[in-house]
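Engineer: One structure, pasted below without further comment.
The values are calculated or read from the model by the stated rules, or taken from the named source; none is laboratory data. Note that the coordinates shown come from a computational prediction; the quantities given were computed from them, not determined experimentally. Counting neighbours? That spans all protein chains shown, and the Cβs are built from the backbone with ideal geometry, glycine included. Just the protein is used for accessible areas: all its heavy atoms, side chains included, with ligands, DNA and RNA removed. Shrake-Rupley method; radii C 1.70, N 1.55, O 1.52, S 1.80 Å.
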Amino acid sequence: MPNMKNAKKAVKVNAKKTVENNMYKASMRTAIKNVEKAVLNKDKEKANDTLKVAIKRIDKALAKGATTKNASARNKSRLTKKVNSME
């Protein structure tokens, strides 16, 4: 356990940030899974709609620092390729 005041505060801040980061990551992962389900079901219209939502969630997670720039770009690229290959 931390003894100093600043260390105690750091523990609280880290716990709060962890909860927020997990929320953004979970939201992002759910959106990604929704796109992949639409691709598997060969529903082009739904895939396009869910892709837009997924990209917004990925960008939001990046803006909040929950993911890295390269991971976000990789996820967006892979999802876009999957949706574009449906024909």
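Engineer: Remind me, relative contact order of the chain in percent, using alpha carbon pairs under 8 angstrom and six or more residues apart?
Structural biologist: 31 percent
Engineer: For the chain, give the percent of accessible area contributed by carbon and sulfur heavy atoms, probe 1.4 Å, rounded to a whole number.
Structural biologist: 53 percent
Engineer: Another question, then. Using the alpha-carbon atoms, what tilt in degrees (0 to 90, nearest 10) does helix 5-40 show relative to the longest principal axis of the chain?
Structural biologist: 10 degrees
Engineer: Over the chain, with the other protein chains present, what is the accessible area per residue in square angstrom, probe 1.4 angstrom?
Structural biologist: Per-residue value: 77 Å².
Engineer: Around LYS46, with a cut-off of 14 angstrom between Cβ atoms, what is the net charge of the other residues, counting Lys and Arg +1 and Asp and Glu -1?
Structural biologist: Value of the local net charge: +2.
Engineer: Taking the chain as the reference, fit the longest principal axis to its C-alpha atoms, fit the long axis of helix 69-84 to the helix C-alpha atoms, and give the angle between the two in degrees, 0 to 90, nearest 10.
Structural biologist: 20 degrees
Engineer: Would you mind checking LYS25/LYS69; LYS16/LYS60; LYS46/LYS81; LYS12/LYS33 for any pair whose Cα atoms are more than 23 angstrom apart?
Structural biologist: Long pairs (Cα-Cα over 23 Å): LYS12/LYS33.
Engineer: Then there's this: With angles folded into 0 to 90 degrees, how steeply does helix 44-63 sit against the dominant principal axis of the chain? Use alpha carbons for both and round to 10.
Structural biologist: Compared with the principal axis, the helix lies near 20 degrees.
Engineer: If you don't mind, another one. Got a sec? Charge dipole of the chain, +1 on Cβ for Lys and Arg, -1 for Asp and Glu; which of ASN75, ASN3, THR18 is way out at the positive end?
Structural biologist: ASN3
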